[in-house]
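The values are calculated or read from the model by the stated rules, or taken from the named source; none is laboratory data. Only a predicted model underlies this, so the values are computations on that prediction, with no experimental measurement involved. Note that each Cβ is placed from the backbone with ideal geometry, even for glycine, and that neighbours are counted across all protein chains shown.
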Amino acid sequence: MIAYLKSRIRVIAAFALFAAVFAVVFLLGGIPLGAVGYAAAVCGAAALAFGIVDYLKFRRKCAALEKLKEEITVSCDNLPEPGNAVEAGYSELIRLLFQSRTELEAGYEISFADMTDYYTMWAHQIKTPIAAMRLSLAEQDTPESRELSGELMRIEQYVEMVLCYVRLESSETDYVIRECSLDAVIRAALRKFSAQFIRKKLSLNYQPLEVTVLTDEKWLLFVISQVLSNSLKYTRSGGITITFENNILKLRDTGIGIAPEDLPRIFEKGYTGCNGRSDMKASGIGLYLCRRICRALGHTITAESDKTGTVIEIGLARKAVDLRD
């Protein structure tokens, strides 16, 4: 009601002014005051009737606009009928803006699809020379070849990160949520880094967990692999411990730890922190992708750290089933 009165304040003020003018003129003309009051009452009743009808139209239009807030991103066909030339102009402006936005979105989707296709093709093509180099290095067993194998694996990781980043930005990410063995995922990740464990002489404390979790096996493998990669990168001695308690997978290392001021921001996009700046090789993308993947899968990921190492906790609370039951 208040909004309606504010929108009609000029009309109400004009009516009051005209009524006052007529009252003054009638009084100056010697017309009895009763006649003035009768005329004012008749005009007031007519104005009230008109106001009620106009207010109901105003309410219906506001209700239509409120409903349109939920539909305007899809269609603007349900715009309320304009009541005058000004409203008609605004409606046409909205339609033009909606059409322009639709064209921009279509162009963006085409451009993004082309970029996705390009990077997907590039990633598959680059895997061929990587595989060739890996076969060539496999024929050698020298410190240099082992070092090159480690660097080659890092290249593979960056290729996977590119594909992961592009797919996450796409609206058609291929999530397949089902029950899968957590041990199978962890072992697949550990096989990737077995050479680094040996080369750096790090221990692995891991016992079969014998649980299944409701997740996407491929994407969870990426998360665990990324966490292991970071742990190995910043752990010079000691080892890594993998445990599972209360639906939380914990990966603990004995590395250099994370600075307290960096800890709240390590999952931000592009943030490398003190360790990353000293290493000069960190991208600041890995943990950001892990957080996005975990959110999409209904999982959580958090970090705790001190001078004795870092613990990454992956909450798999969607569902966990003990295979020993």
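Remarks
- Residue check, Arg167 assigned to a helix (DSSP H, G or I), among the charged types (D, E, K, R) and in contact with a Ser or Thr (Cβ under 6 Å, 6 or more places away or on another chain): yes
- Annotation note: of Ile155, Ile186, Ile177, Ile224, the sole residue that is surrounded by fewer than 17 Cβ atoms within 10 Å (Cβ to Cβ), within 29 Å of the chain's Cα centre (by Cα), under 23 Å from Gly315 (Cβ atoms) and not hydroxyl-bearing (Ser, Thr, Tyr) is Ile177.
- The listed residues are Ile94, Ile110, and the only one of them that is loosely packed, with under 13 Cβ neighbours inside 10 Å and of a type in the set (Val, Ile, Thr) turns out to be Ile110.
- Entirely in region 181-253, the helices (runs of 4 or more DSSP H) that have 3 or more residues that are out of contact with any His (no Cβ under 9 Å at 6 or more places or on another chain) and closer than 25 Å to Arg292 by Cβ: 182-192, 217-233
- Ser91 being of a type in the set (Gly, Ala, Ser), part of a helix (DSSP H, G or I) and at pLDDT 80 or above: no
- Candidate set: region 124-139, residues that are more than 35 Å from the chain's Cα centre (by Cα) and part of a helix (DSSP H, G or I); chosen: the one surrounded by the most Cβ atoms within 10 Å (Cβ to Cβ): Leu137
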